[in-house]
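Structure first, commentary second.
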Amino acid sequence: MAGHPARTDGRIRPAKLGFLTPREGEALRAPAAVMYPPPAPARRDFVSVTLSPGRSYDGGRGLRHRSCWRKWKQLSRLQRTALLFLLAVLMLFGLLSYVHVADEWTAVDSRSAAAWQMRPANPPALPAPRKAAENPETVVGLSPQKPQRHFRRGPPNLQIRAPDGDAQERRQAHAQRRAEVVGEAGWGAEVRRDGLSWRGAGTKPQQRTEPPGKEAEFPPRPSPKAVRIQASPASQNERQKAVVDAFLHAWAGYRKFAWGHDELKPLTRSFSEWFGLGLTLIDALDTMWILGLKKEFQEARNWVSKRLLFQKDVDVNLFESTIRILGGLLSAFHLSGDILFLKKAEDFGNRLMPAFRTPSKIPYSDVNIGTGVAHPPRWTSDSTVAEVTSIQLEFRELSRLTGDKKFQEAAEEVTRRVHALRGKLDGLVPMFINTNSGSFTHLGMFTLGARADSYYEYLLKQWIQGGKKERQLLEDYLEAVDGIRKHLLARSEPRKLTFVGELNHGRFSAKMDHLVCFLPGTLALGAHHGLPADHMELAQALMDTCYQMYRQMETGLSPEIAHFNLHHTKAVKDVQVKAADRHNLLRPEAVESLFYLHRVTGNRKYQDWGWEILHSFNTYTRVPSGGYSSISNVQDPRHPQPRDKMESFFLGETLKYLYLLFSDDPDLLSLDTYVFNTEAHPLPIWAPSSGGPALE
């Protein structure tokens, strides 16, 4: 075939190939008939073969190219159109992704520059954190986290990045705030933003004992005349400034690594979700207002306005979401007067109502705020007593503000039914209640720790909230205090510390949760409102014990659970800790009680104790990149084993109570005007409280 003439330029030319040309003196040999049969006389076929010098065999690539083109030509017009359309879509998405990534890097660069400018002008007055936490991404002693006890679905779509802005504007704004924090500038004139008013005075809510009528769609803006909220950084003392510094450090970590999510994981610089509703942000709203952090408050308010949406297919725990989200929104409304927070609170309250649709009127523990489906925990049909009896302050206040009585009626029906139940022991209640029968379960087990604690707290606080008019609440509370004295009090050795233990079918256990440290503060609050003087004596004794739970630990931080020594042994401390109980979650109960004890007695030792606790938090839990972390071992100052989690209540409760503790102004959220829910969100007392004796 190669010997046939080649076709070029439309003319027939002899092939220029040497091996087909006869050598000199030789005749051209005829090809064999088998390999080169003569062409048929009726037709003349030519095969053109062009071999260019300098080119080698390409391994069949050209053949493959021709094969692909042949396959493309074999496709139908519809198939080719579809493939071309798909290719165009992919190219478009690639272009958009490139633009988005370029914007992201630009934003990151601007945020990094702004963050560098936002460092505090002066270092905190407390010691710097330990070197062990300087590289959070490679922490060796990072303790594994236990799974959350409540089921939740996949995280909803929330804003992950902190809001961007002009770098120069943000640097100027932070420079102004930094000057305010260190006392170089005051608030100046009143500043209004989006309907918010910042003044040197606080707000006094309207005083009512009955919910308003529905003719008023929303209540008027709270009056700023009676109760002062300390909003001037120039008037903050050094200890309060240290709290502000701690808050800004924690908030910087949350804002940078967990913005819009539930909780910060400061060591890995990421976040964790529980409900997917920005728990830390909502929990901290009123703290920012009280600390005078107006820029941070405004930024969080904008997130609530634009990003906090409750139409989500997600299960929330009725108790936790009520005290943190509903309570946080109501408190933010009362302090700021911004109607946005009340509207969000009403929307959320309506979505929680399906939890009360049970045969017994005792609510389920969980409710889906998107579908309205409520259910008990997956492992039982019981709810915990503390959870169903610690939502009343919030639901009652929501009814008062909106004029819709359904919230108050549902919550108070639970209180009435629990009041009438059998199975109590001198006012002490078991830990569980069945949502079908409405009866107590696991009878014979009594504690003031987890699953029962805030039941006793809300008996007193509902009585205060309602203007001291609901006698049944007071009687239940007084009976419970007597039951505590009779069945749960004991003294340790060798320091004779008074503590609250547990009772299990008649057997006493010298075990006391850190959660029980709410009790000294609650007793002091009752004494402030006219309850017997011996309540105050017990409050002071228990406060000493809670302080020793901190002081006797090597880090100066309390364990989650303490066991008290009851035997006469000289070499043994009063507070004993088991290996599984020696973690610290940045809890607020001790500093909460310190606030109440100082507010009622004026004794400065309680401020000093709180200062020591803040010092320990800064030494062993502060993470340099932003945020604070709970730790696993309060007995090892060299290796406290950070757990990589900052609970929302650290900003919502712990730092707020420390700031209030260090204030010497009794009118800063006066105990005669506000009552704090169990998440430290201040709600108004419905009628003026004289603070005088309530008992005849």
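The values are calculated or read from the model by the stated rules, or taken from the named source; none is laboratory data. Only a predicted model underlies this, so the values are computations on that prediction, with no experimental measurement involved. In this analysis, Cβ positions are derived from the backbone assuming ideal geometry, glycine residues included, and neighbour counts consider all displayed protein chains.
Per-structure values
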read-out: Some residue of segment 437-447 being outside any loop (DSSP other than H, G, I, E, B), in contact (Cβ under 8 Å) with a residue 40 or more places away in the chain, within 20 Å of LEU488 (Cα to Cα) and within 30 Å of the chain's Cα centre (by Cα); value: no
read-out: Qualifying residue in segment 452-464 (condition: assigned to a loop (DSSP other than H, G, I, E, B) and crowded, with 18+ Cβ neighbours inside 10 Å); value: yes
read-out: Failed item, numbered, when SER509 is tested on (1) loosely packed, with under 15 Cβ neighbours inside 10 Å; (2) within 30 Å of SER670 (Cβ to Cβ); (3) in contact with a strand residue (DSSP E or B) (Cβ under 6 Å, 6 or more places away or on another chain); value: (2)
read-out: Top-ranked residue of segment 404-431 - restricted to ones that are of a type in the set (Gly, Ala, Ser) and crowded, with 16+ Cβ neighbours inside 10 Å, ranked as farthest from ILE339 (Cα to Cα); value: GLY427
read-out: Filter pass, THR203 being surrounded by 15 or more Cβ atoms within 10 Å (Cβ to Cβ), at pLDDT below 50 and not aliphatic (A, V, I, L, M); value: yes
read-out: Test: LEU515 is among the hydrophobic types (A, V, I, L, M, F, W, C), surrounded by 14 or more Cβ atoms within 10 Å (Cβ to Cβ) and either part of a strand (DSSP E or B) or out of contact with any helix residue (DSSP H, G or I) (no Cβ under 7 Å at 6 or more places or on another chain) (or both); value: no
read-out: Filter result for THR601 (hydroxyl-bearing (Ser, Thr, Tyr), within 17 Å of GLU554 (Cβ to Cβ) and surrounded by fewer than 21 Cβ atoms within 10 Å (Cβ to Cβ)); value: no
read-out: Subset tally (residues that are assigned to a strand (DSSP E or B) and more than 22 Å from LEU474 (Cα to Cα)) for segment 404-432; value: 1
read-out: Of the criteria (1) under 19 Å from GLU479 (Cβ atoms); (2) free of Cβ contacts under 8 Å to residues at least 40 places away in the same chain; (3) touching a strand residue (DSSP E or B) at 6+ places or on another chain (Cβ under 8 Å), which one ALA533 fails; value: (3)
read-out: Out of ASP574, ASP644, sole residue that is of a type in the set (D, E, K, R), within 25 Å of ILE325 (Cβ to Cβ) and in contact (Cβ under 8 Å) with a residue 24 or more places away in the chain; value: ASP644
read-out: When residues of segment 519-537 are limited to those that are over 12 Å from LEU597 (Cβ atoms) and among the hydrophobic types (A, V, I, L, M, F, W, C), the one surrounded by the most Cβ atoms within 10 Å (Cβ to Cβ); value: LEU531
read-out: Test: SER390 is assigned to a strand (DSSP E or B), crowded, with 16+ Cβ neighbours inside 10 Å and in contact (Cβ under 8 Å) with a residue 24 or more places away in the chain; value: no
read-out: Flag if LEU488 is surrounded by 15 or more Cβ atoms within 10 Å (Cβ to Cβ) and in contact with a strand residue (DSSP E or B) (Cβ under 6 Å, 6 or more places away or on another chain); value: yes
read-out: Inter-residue pairs, beta-carbon under 6 Å, first more than 19 Å from SER336 (Cα to Cα) and at pLDDT below 95 and in segment 226-251, second small (Gly, Ala, Ser) and not in a helix (DSSP H, G or I), 6+ apart; value: ALA234/GLY183; ALA234/GLY186
read-out: Residue check, ARG471 within 33 Å of the chain's Cα centre (by Cα) and among the basic types (Lys, Arg); value: no
read-out: Residues located in segment 335-363, provided they are of a type in the set (Ser, Thr, Tyr), in a loop (DSSP other than H, G, I, E, B) and touching a Phe, Trp or Tyr at 6+ places or on another chain (Cβ under 8 Å); value: THR358
read-out: Some residue of segment 466-483 being more than 27 Å from ALA687 (Cα to Cα) and either free of Cβ contacts under 8 Å to residues at least 40 places away in the same chain or hydrophobic (A, V, I, L, M, F, W, C) (or both); value: no
read-out: Residue match in segment 261-278 (condition: surrounded by fewer than 24 Cβ atoms within 10 Å (Cβ to Cβ), in contact with a Gly (Cβ under 9 Å, 6 or more places away or on another chain), part of a helix (DSSP H, G or I) and in contact (Cβ under 8 Å) with a residue 40 or more places away in the chain); value: no
